[in-house]
Amino acid sequence: MSSLVVRVVGVGDAFTTRHFNASFLVEAGATRILVDAPPALGRALGDLGARGGPPIGLADIDHVVITHLHGDHVGGLEQLLFYRRFVTGKRVALHAAPEVLAGLWETRLRGGMDTLMSPDGTRTSLTLDDYADVSPLGAGTNSIGDLDLEWRPTIHHIPTSALRFSANGARFGYSADTAFDPTLIDWLAKADLFFHETNLGVHTPLASLVGLPEDVKRRMRLIHYPDFHDPEHSPIVCTHEGERFEI
């Protein structure tokens, strides 16, 4: 049995009209972690189940790690938190670097979630702690159920965290959004498999990744790529929605 499983929910960038936005599940033992909560999250999870493997929905997400606060990475978090509060009654454990958590409520969620009205018209003011068990990621290794998680900052517009998961000797990494950073790639390359973004602007150019050593590229899969990128003729293998990796 594999020590660690990764299921790809979405592969697209912020402007995609062909894919769901980049997101995936990391699973080990009894623990499942969703990495980022993009828009149309419920539909993306439902589509993942339809593509094969065990079905999954919003009710099955107990842990979420947010890499940064851009809308294509956090736009579905309101949906998830409302669903868990009103439908299942179960709270989500929300994990992120302190710099990411610092702005999550005020800049992304408060406008639509800070006031609830009961049937008699009574209004109640809430905070993020009323919806989720908030866990800032510390330095070094963070244990989340059966998974260990390490993180480090990336080079991006706003605070963003690259991630490295491990369980029973297996290790998986994710660049999140970042400019090309050889030191980050060295950090990710310690994993058995890692996803790396490629895109325009303050992202990583494909040409920079093509020039990496072959042994690094063999363990790399592209994600967060633009719609004009052709996965079938990519010089580096791309992730695909519904894909499942066993490590």
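The values are calculated or read from the model by the stated rules, or taken from the named source; none is laboratory data. Everything numeric here is computed off the predicted structure, so don't read it as measured data. Using ideal geometry, Cβ is built from the backbone for each residue, glycine included, and neighbour counts are taken over all protein chains shown. For the accessible areas, the whole protein counts, side chains as well, though only heavy atoms, and no ligand, DNA or RNA atoms are used. Shrake-Rupley method; radii C 1.70, N 1.55, O 1.52, S 1.80 Å.
So that you can scan it fast, the table gives a plain yes or no per residue for (1) under 17 Å from G42 (Cα atoms); (2) over 21 Å from the mean Cα position of the chain (by Cα); (3) not β-branched (V, I, T):
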residue: G57; (1), (2), (3): yes, no, yes
residue: H63; (1), (2), (3): yes, no, yes
residue: V74; (1), (2), (3): yes, no, no
residue: A96; (1), (2), (3): no, no, yes
residue: A102; (1), (2), (3): no, no, yes
residue: R108; (1), (2), (3): no, no, yes
residue: D129; (1), (2), (3): no, no, yes
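Being open to solvent by less than 30 Å² (accessible area, probe 1.4 Å), in a loop (DSSP other than H, G, I, E, B) and either more than 21 Å from D227 (Cα to Cα) or in contact (Cβ under 8 Å) with a residue 60 or more places away in the chain (or both) is the filter here, so list the residues in the range 37-70 that pass it.
I56, G57, I61, I66, T67, H68, L69
Looking only at residues that are within 13 Å of S161 (Cβ to Cβ) and in a helix (DSSP H, G or I) in the range 80-103, which one is most open to solvent (accessible area, probe 1.4 Å)?
That would be E99.
Condition test on D36, is it out of contact with any helix residue (DSSP H, G or I) (no Cβ under 7 Å at 6 or more places or on another chain) and either under 25 Å from P153 (Cβ atoms) or among the acidic types (D, E) (or both)?
Considered against the rule, which asks whether it is out of contact with any helix residue (DSSP H, G or I) (no Cβ under 7 Å at 6 or more places or on another chain) and either under 25 Å from P153 (Cβ atoms) or among the acidic types (D, E) (or both), D36 comes out as no.
Just give me the residues in the range 139-195 being open to solvent by 10 Å² or more (accessible area, probe 1.4 Å), closer than 18 Å to H68 by Cα, in contact with an Asp or Glu (Cβ under 7 Å, 6 or more places away or on another chain) and assigned to a loop (DSSP other than H, G, I, E, B), in sequence order.
T154, I155, H156, P159
For L77, indicate whether it is in contact (Cβ under 8 Å) with a residue 24 or more places away in the chain and surrounded by 22 or more Cβ atoms within 10 Å (Cβ to Cβ).
yes
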